[in-house]
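In what follows, a structure is listed as structure tokens, so that the remarks can point back to it.
The values are calculated or read from the model by the stated rules, or taken from the named source; none is laboratory data. Worth saying up front: this structure is predicted, and the values here are computed from it rather than measured. Counting neighbours? That spans all protein chains shown, and the Cβs are built from the backbone with ideal geometry, glycine included.
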Amino acid sequence: MLSLMAQFSIAVIAGDGVGGEVVPEAIRVLDRVTKLDYTYFDWGSEYFLHHRRMMPADALDTLRKFDAILLGAIGHPDIPDHITLNGLLLPIRRAFDQYANVRPAFLYPGVASPLANAGPIDMIVVRENTEGEYAQVGGFLYQHQPEEVAIQTAVFTRRGVERVVRHAFELAVRRNKKRKVTSITKSNAQGFGMVLWDRAFAKVAAEFPEIDTESLLVDAAAMNFVRRPASFDVVVGSNLFGDILSDLSAVITGSIGLAASANLDPTRKNPSMFEPVHGSAPDIAGRGVVNPLAMILSGSMMLDHLGLAEAAKSIERAVATLLADGKIRTPDLGGISSTREVTDAVIAAINGNAHVH
């Protein structure tokens with residue numbers, strides 16, 4: 001049942017490529033379970049091609065007043081990725097201190113994993129989202145000359161590491177599943193930043209004696225995501241390590257087209273941002289075959305963050321019903337259905353669920 005009044009204001013940035021296709025589909029689903037107030041912004045690569053910047057100079061001040069941000073995708077084949085990333089996505093994450101990037105990876109019944117005998121996979125990768133390897137500290141010397149030097153410095157702060165690790169432990173407590181947090185490190189080779197990471201993890205872990213822990217070097221973690229994925233519960237890693245491993249976790253659970261994510265400010269002082277992991281996918285943009293489920297599930301994560309838990313669960317149940325049925329699915333999952341047909345099926349599943357409120 002739709003709410004009579006909009007409870008929250010949402011900034012919508014469809015962005016680039018398939019973002020313009022999946023965002024409207026997600027909003028169709030959101031409109032079925034609750035009433036939100038949407039404001040649309042045409043920022044992204046097309047905006048850059050006209051204005052030489054990804055968003056206006058006052059964009060962050062504009063976004064600050066919203067309760068949440070729904071983002072489709074950023075990236076354009078004619079614009080270098082470092083321009084698109086640093087022109088919109090990273091500034092939003094940093095300005096609003098969205099330090100916890102949360103990416104669930106769940107193997108739905110009815111979805112095939114590329115792993116044989118994968119077992120039940122139900123993990124969440126928590127990625128530090130504002131510093132680390134993506135801090136953009138460094139520079140060039142002798143730029144564009146044969147002797148060119150590029151220096152890229154990773155930045156780790158005790159405050160930054162402790163708070164994202166604490167968020168991971170709190171998430172493991174709330175999930176109440178395996179009650180385990182795995183730290184991803186590389187302190188054998190990175191003797192400063194990752195050693196600080198290890199010390200901070202141990203300090204926070206001591207506050208949660210009821211939660212099991214393990215610490216894995218990132219290469220061993222990549223191996224074990226494939227070898228024993230069912231053993232993971234909450235995984236916490238740096239900006240780079242979390243980025244890479246969350247893409248791997250998406251693939252082993254069937255498709256990156258199912259991978260949702262949240263860029264959270266857990267203090268709720270600033271708006272959080274919700275986006276699918278799959279990016280702008282220019283190779284399939286405009287064909288009407290992109291999987292909308294990652295965007296739809298990102299919308300569900302947004303509702304949960306806003307305190308609309310039952311509305312969020314109704315979407316999750318509908319997606320699970322659709323995938324278990326197996327009849328309607330996009331090409332990334334081995335089907336022939338269109339983007340819109342998948343959304344229609346999700347809405348039909350919501351309509352047929354007696355528990356929807």
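Across region 103-124, the qualifying residues are those that are buried (at least 20 other Cβ atoms within 10 Å of the Cβ) and assigned by TED's automatic domain parsing to the domain that holds N176, and the one among them that is nearest to the chain's Cα centre (by Cα) is I124.
In summary, strands (runs of 3 or more DSSP E) completely within region 83-146 and bearing 3 or more residues that are under 26 Å from S231 (Cβ atoms) occur at 100-106, 122-128. Counting the residues of region 12-43 that are among the hydrophobic types (A, V, I, L, M, F, W, C) and either at pLDDT below 95 or farther than 21 Å from T343 by Cα (or both) gives 2. Closer than 24 Å to I92 by Cβ, in contact with a strand residue (DSSP E or B) (Cβ under 6 Å, 6 or more places away or on another chain) and either exposed (fewer than 15 other Cβ atoms within 10 Å of the Cβ) or not hydrophobic (A, V, I, L, M, F, W, C) (or both): does that describe S215? Answer is no for this residue. The set of residues in region 147-160 being more than 22 Å from I92 (Cβ to Cβ) and outside any strand (DSSP E or B) consists of E147, E148, R158.
Looking at region 154-175, I want the residues that are closer than 13 Å to N129 by Cβ and have a partner that is among the hydroxyl-bearing types (S, T, Y) and surrounded by fewer than 20 Cβ atoms within 10 Å (Cβ to Cβ) with Cβ atoms under 6 Å, at least 6 apart or on another chain. Which pairs are those? Taking only residues 6 or more apart or on different chains, not a single pair turns up. Being basic (K, R) and not assigned by TED's automatic domain parsing to the domain that holds V18 is true of R228.
Close Cβ contacts (under 9 Å, 6 or more residues apart or on different chains) running from residues in region 269-282 that are in the same structural domain as S298 (by TED's automatic domain parsing) to residues that are buried (at least 23 other Cβ atoms within 10 Å of the Cβ) and of a type in the set (K, R) comprise V277/R103.
Of all the numbered requirements in (1) crowded, with 18+ Cβ neighbours inside 10 Å; (2) closer than 20 Å to A154 by Cβ, F274 misses one, and that requirement is (2).
I184: surrounded by 21 or more Cβ atoms within 10 Å (Cβ to Cβ), touching a Pro at 6+ places or on another chain (Cβ under 6 Å) and assigned to a strand (DSSP E or B), yes or no? No: the conditions fail for I184.
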